[in-house]
Amino acid sequence: MKPAAITDEMSMQRLRMVDRLRDNYKIADQQVLDVMARLPRHRFVPEAIKSQAYNDNALPISSGQTISQPFIVARMTELLELTGKEKVLEIGSGSGYQTAILASLAQSVFAIERLPNLAELARRRMQELAISNVTIRTDDGTNGWQGRAPYDAILVAAGGPDVPQPLIEQLKIGGKLVIPVGEDRKSQILIRVTRRNRDVLREDFGPCAFVPLIGQHGWSALR
């Protein structure tokens, strides 16, 4: 399900982004770097800021949401340790960039986006790039997607006050969940949770900043 190599006016910017990920941020998973060298990130941001698509920062998309900094996308993906055989759940597809990367590295991706306009935008981008192993729906992502569980890996692209219990329960034994967690809605710690037979292993990978994870097992939309 890998998108074909794309040569366009942004090719050099994309390669410089990947060099920065490897050399400055020490992203070591070559498969992640290869996918990010191929995938046209500028197709996932508004036309007005297309020229900024490969900069080293997050960018606004719509409805107060963002497309994450390339480093964070690469780091979260790398932490899942995908081999190509996994069923992945993504919470917060946004415009679909992280979704497309996961789809290029896993067998199938089930993505939940709470905002209908962004879910539809992500679906269009998957179609345009001929990525066919992604299913996207609009719902409260903090409840997961029980009908498709269990998952080998789960990625949450928004910051919650804690790891939603339904997501842990929908993870296979040995599966990995990567999520930003913090008591402050504006700053978090990147966490990886690995489900074991009777408990979970929780690892800390440093500070980050994401939009709030809104939902029953996240933050209230009213706060």
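The values are calculated or read from the model by the stated rules, or taken from the named source; none is laboratory data. This structure is a prediction, so every number in the text was calculated from the model and none was measured. Note: ideal-geometry Cβ built from the backbone for every residue, glycine included; neighbour counts use all protein chains shown. Protein only, heavy atoms only, side chains kept; ligands, DNA and RNA dropped before computing areas. Shrake-Rupley method; radii C 1.70, N 1.55, O 1.52, S 1.80 Å.
Taking the solvent-accessible surface of protein heavy atoms with a 1.4 Å probe, what is the per residue accessible area of segment 1-152 in Å²? Write out the running numbers ahead of the final one.
On the way: 6570 Å² over 152 residues.
Computed with neighbouring chains in place, this is 43 Å² per residue.
What is the gain in length, in nm to one decimal, between Asn133 and Lys186 on full extension, counting 0.36 nm per residue of separation less the C-alpha to C-alpha distance?
Numbers: separation 53, 0.36 × 53 = 19.08 nm, distance 3.24 nm.
Computed gain between Asn133 and Lys186 is 15.8 nm.
Where both partners of a DSSP beta bridge lie in the chain, what percent of those bridges are antiparallel, to the nearest 5?
Details: 16 of 36 bridges.
So the antiparallel bridges in the chain amount to around 45 percent.
At a 10 angstrom cut-off on C-beta neighbours, averaged per residue, how do the peptides 98-107, 201-210 rank from highest to lowest? Mind showing how you got there, number by number?
Details: 98-107: 24.7, 201-210: 13.9.
Ranked from most to least packed, the peptides come out as 98-107, 201-210.
Hey, any idea what % of segment 11-159's accessible area is carbon plus sulfur with a 1.4 Å probe? Could you put the intermediate results ahead of the total?
Details: 2740 of 5830 Å².
Carbon and sulfur atoms account for 47 percent of the accessible area of segment 11-159.
For the chain, modelled as a Gaussian network with Cα springs under 10 Å, which listed residue fluctuates most, Arg196, Arg38, Arg185?
Looking only at Arg196, Arg38, Arg185, the largest GNM fluctuation is found for Arg196.
In a Debye calculation with equal point scatterers on the alpha-carbon sites of segment 84-147 and no solvent, what is log10 I(q)/I(0) at q = 0.14 Å⁻¹?
Normalising to I(0) and taking log10 leaves -0.32.
Set Lys and Arg Cβ to +1 and Asp and Glu Cβ to -1, take the dipole of the chain about its Cα centre, and tell me which of Gly64, Gly160, Pro150 lies farthest positive.
Going by the charge dipole, the pick is Pro150.
When N is the residue count of segment 84-211, what does its C-alpha Rg come to as a fraction of 2.2 N^0.38 Å?
Working: Rg = 14.0 Å, N = 128, 2.2 N^0.38 = 13.9 Å.
For segment 84-211, the normalised Cα radius of gyration is 1.00.
Could you work out what % of the accessible surface of segment 160-214 is carbon and sulfur, using a 1.4 angstrom probe and leaving DNA, RNA and ligands out of the count? Numbers along the way, then the final one.
Numbers: 1330 of 2810 Å².
Using a 1.4 Å probe with all protein chains present, segment 160-214 comes out at 47 percent carbon and sulfur.
Tell me, how many Å apart are the Cα centres for segment 109-167 and for segment 1-71?
Each part's Cα centre sits 20 Å from the other's.
Report the label-to-label distance for Asn197 and Met12 in nanometres (one decimal), using points 7 Å from each Cα along the Cα→Cβ vector.
It is 5.7 nm.
If each of Asn24 and Gln216 carries a label point 7 Å out from its Cα toward its Cβ, how far apart are those two points in nm?
Computed distance between label sites Asn24 and Gln216 equals 4.2 nm.
Taking the alpha-carbon distance from Lys87 and a cut-off under 28 Å, which lysines remain once sequence neighbours fewer than 8 residues away in the same chain are dropped?
Correct list for Lys87: Lys2, Lys26, Lys172, Lys176.
Which log10 I(q)/I(0) values does the chain give at q = 0.08 Å⁻¹ under the Debye formula, counting every alpha carbon as one identical point scatterer?
The Cα Debye sum returns log10 ratios of -0.25.
Please state the charge dipole magnitude for the chain, taken about the Cα centre, from unit charges on C-beta atoms (+1 on K and R, -1 on D and E), reported in debye and rounded to the nearest 20. Please list the in-between numbers first.
Values: 29 positive and 25 negative charges, 45 e Å.
Computed charge dipole of the chain: roughly 220 debye.
Only helical DSSP H runs with n ≥ 4 go in: add -39500 (n - 2.57) per run for the chain, normalise by residue count and round the 222 nm mean residue ellipticity to 500 deg cm²/dmol. Please list the in-between numbers first.
On the way: 6 runs with 60 residues, N = 223.
Mean residue ellipticity, 222 nm, calculated: -8000 deg cm²/dmol.
Give me the compactness ratio for segment 10-72, meaning the Cα radius of gyration over 2.2 N^0.38 Å. Don't jump to the answer; show the numbers that get you there.
Values: Rg = 11.5 Å, N = 63, 2.2 N^0.38 = 10.6 Å.
Computed over Cα atoms of segment 10-72, the ratio equals 1.09.
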